[in-house]
Amino acid sequence: MRDAPDHGTPRPWLSIIGIGEDGAAGLSPVARALIEAAELVVGGKRHLALAQAHINGRALPWPSPLTDGIAEILKARGRPVAVLASGDPFHYGVGKQLAAAIPAGEFLCLPQPSAFSLAAARMGWALQDIALVTLHGRPMEAIARHLHPGARVLALSWNETTPAHLADFLAARGMGQSRLTVLEALGGPGERVRSTVVADFDLPDIAPLNIIAVEVAAEAAALIVPYAPGLDDKLFETDGQLTKREIRAVTLSALAPRHGELLWDIGIGSGSVAIEWLLCHPSLRAIGIEKAAERADRALRNAAALGMPELQIVRGSAPGALAGLPAPDAVFIGGAVSDDAVFAAAWDALKPGGRLVVNAVTLEGEAKLSRRFARLGGDLIRIDVARADSLGRLFGWRPAMPITQWRVRKP
């Protein structure tokens, strides 16, 4: 019988192998055989040391930057190569970067339990019921959105100092009675699990390889980032240029964020709209454009405090500052409402099917929106909000300035 014809389908030449702290003993026979047969074995120094007895080819510790290592792997394309990674390479691991450069049909991945899986097993927590966060190379504020009373969080550490920094961060937000468990070198001979209350944190000699379990307990005045749009105005540092909570909630509804989308917030002010856009889902991105340096800095501080340090700011005036930015899926114009050049640049850049929302408070701005509405369609609404205020010993309604909002979808 003749062999089946080869239609050019690539065969796996790259093995991505998860390895735990138990080293080669925890690897399957298939994984060990793939390492032994590899002409090139790439991994962290710790990974290479754990598998040293089975490495017969060239061992390459990951260089800096990581892309240099991927370039070396690609040079060996078609020949047997193995990459060693911690636990599950596709859960906050190097698998994502490798898959961006190499088609899935060209590699075989053999994962081990991730650090999250091991930690959940030690804690007796169901993974689907908890938040999984990495603080490895990321700001501490990345955990803030998950800190709700009664919540459980697993956070990958950067190094041995991360647990103490996290304890300080929690205490400063009014969560000093939270329970913090440090799980070190899980799955290996040096495994250790220790627990303490945040306010009493004093764990010594923490291993660099650790993961932190947090059981959140919050004081009445703790800083909690709610799930719903329309955050309390008091959560934002502002000089007065702030889209107020009721208007902000309606604005987020009009922007209608979807998975993976990018928002341009032109005239970002205190950053409230862009920050709440980001809070809707981890896949979302936002770029704020702001000409005033002090406002740009303030928006970044607000973003960090509310757990959105990934907010990007472009310092400059629109429309010039918009040049070269990636095309947005949604645009919010809270400043420069009357500037036709800003609107034209934003509208031209907006992707087909994208949404543009503009809020105006002045008669001149309202007139501009009315003309654009007549030309391009969409929805034009007026939002009136009144708040109870004291009138001597009694109370009455004090109206805020009405907002005219135009929302339109690009064909």
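The values are calculated or read from the model by the stated rules, or taken from the named source; none is laboratory data. A quick note: this is a predicted structure, and the numbers were derived from the prediction, not measured. All Cβ positions, glycine included, derive from the backbone under ideal geometry; neighbour counts span all protein chains shown.
Considering only residues of segment 76-88 that are outside any strand (DSSP E or B) and touching a strand residue (DSSP E or B) at 6+ places or on another chain (Cβ under 9 Å), which is surrounded by the most Cβ atoms within 10 Å (Cβ to Cβ)? Ranking the candidates gives G87 first.
Counting just the residues of segment 212-229 that are more than 20 Å from the chain's Cα centre (by Cα) and part of a loop (DSSP other than H, G, I, E, B), which one comes out surrounded by the most Cβ atoms within 10 Å (Cβ to Cβ)? Selected residue: V216. Taking the conditions (1) of a type in the set (V, I, T); (2) closer than 26 Å to E184 by Cβ; (3) outside the structural domain of A185 (by TED's automatic domain parsing) in turn, I143 satisfies each one other than (3). Restricting to segment 285-299, name every residue that is hydrophobic (A, V, I, L, M, F, W, C) and either touching a Gly at 6+ places or on another chain (Cβ under 7 Å) or outside any loop (DSSP other than H, G, I, E, B) (or both). Within segment 285-299, A286, I287, I289, A293, A296, A299 meet the criteria. Checked against the criterion of being surrounded by 15 or more Cβ atoms within 10 Å (Cβ to Cβ), free of Cβ contacts under 8 Å to residues at least 40 places away in the same chain and small (G, A, S), segment 243-257 has at least one qualifying residue. Listed by first and then second residue, the pairs with beta-carbon distance under 6 Å, at least 6 apart or on different chains, first residue in segment 367-381 and in contact (Cβ under 8 Å) with a residue 12 or more places away in the chain, second part of a helix (DSSP H, G or I) and surrounded by fewer than 19 Cβ atoms within 10 Å (Cβ to Cβ), are L380/F373. Only one entry in A38, A82, A71, A31 is in contact with a Ser or Thr (Cβ under 6 Å, 6 or more places away or on another chain) and either more than 19 Å from S114 (Cα to Cα) or not basic (K, R) (or both), namely A82. Reported count of residues in segment 170-193, each being surrounded by fewer than 18 Cβ atoms within 10 Å (Cβ to Cβ) and either touching a His at 6+ places or on another chain (Cβ under 8 Å) or closer than 20 Å to A222 by Cα (or both), is 5. For segment 324-336, the condition holds for no residue, the condition being that it is part of a strand (DSSP E or B), touching a strand residue (DSSP E or B) at 6+ places or on another chain (Cβ under 6 Å) and surrounded by fewer than 12 Cβ atoms within 10 Å (Cβ to Cβ).
Looking only at segment 344-361, filter to residues that are more than 29 Å from the chain's Cα centre (by Cα) and under 18 Å from D379 (Cα atoms); which one of those is surrounded by the most Cβ atoms within 10 Å (Cβ to Cβ)? By that ranking, first place goes to A360.
Quick one: which of D200, D205 is modelled with pLDDT of 95 or more, of a type in the set (D, E), closer than 12 Å to A171 by Cα and exposed (fewer than 12 other Cβ atoms within 10 Å of the Cβ)?
Numbers: D205 fails: closer than 12 Å to A171 by Cα.
Only one candidate passes the filter, namely D200.
Do we find that L279 is over 17 Å from L356 (Cα atoms), among the hydrophobic types (A, V, I, L, M, F, W, C) and modelled with pLDDT of 95 or more in this structure? So L279 passes the test. So which residues in segment 38-83 are over 24 Å from R11 (Cα atoms) and out of contact with any helix residue (DSSP H, G or I) (no Cβ under 7 Å at 6 or more places or on another chain), if there are any at all? G44, K45, R46, H47, L48, A49, Q52, S64, P65 - these are the residues of segment 38-83 that are over 24 Å from R11 (Cα atoms) and out of contact with any helix residue (DSSP H, G or I) (no Cβ under 7 Å at 6 or more places or on another chain). Is it true that some residue in segment 93-106 is touching a Ser or Thr at 6+ places or on another chain (Cβ under 6 Å) and either among the acidic types (D, E) or buried (at least 17 other Cβ atoms within 10 Å of the Cβ) (or both)? No, every residue in segment 93-106 fails to be touching a Ser or Thr at 6+ places or on another chain (Cβ under 6 Å) and either among the acidic types (D, E) or buried (at least 17 other Cβ atoms within 10 Å of the Cβ) (or both).
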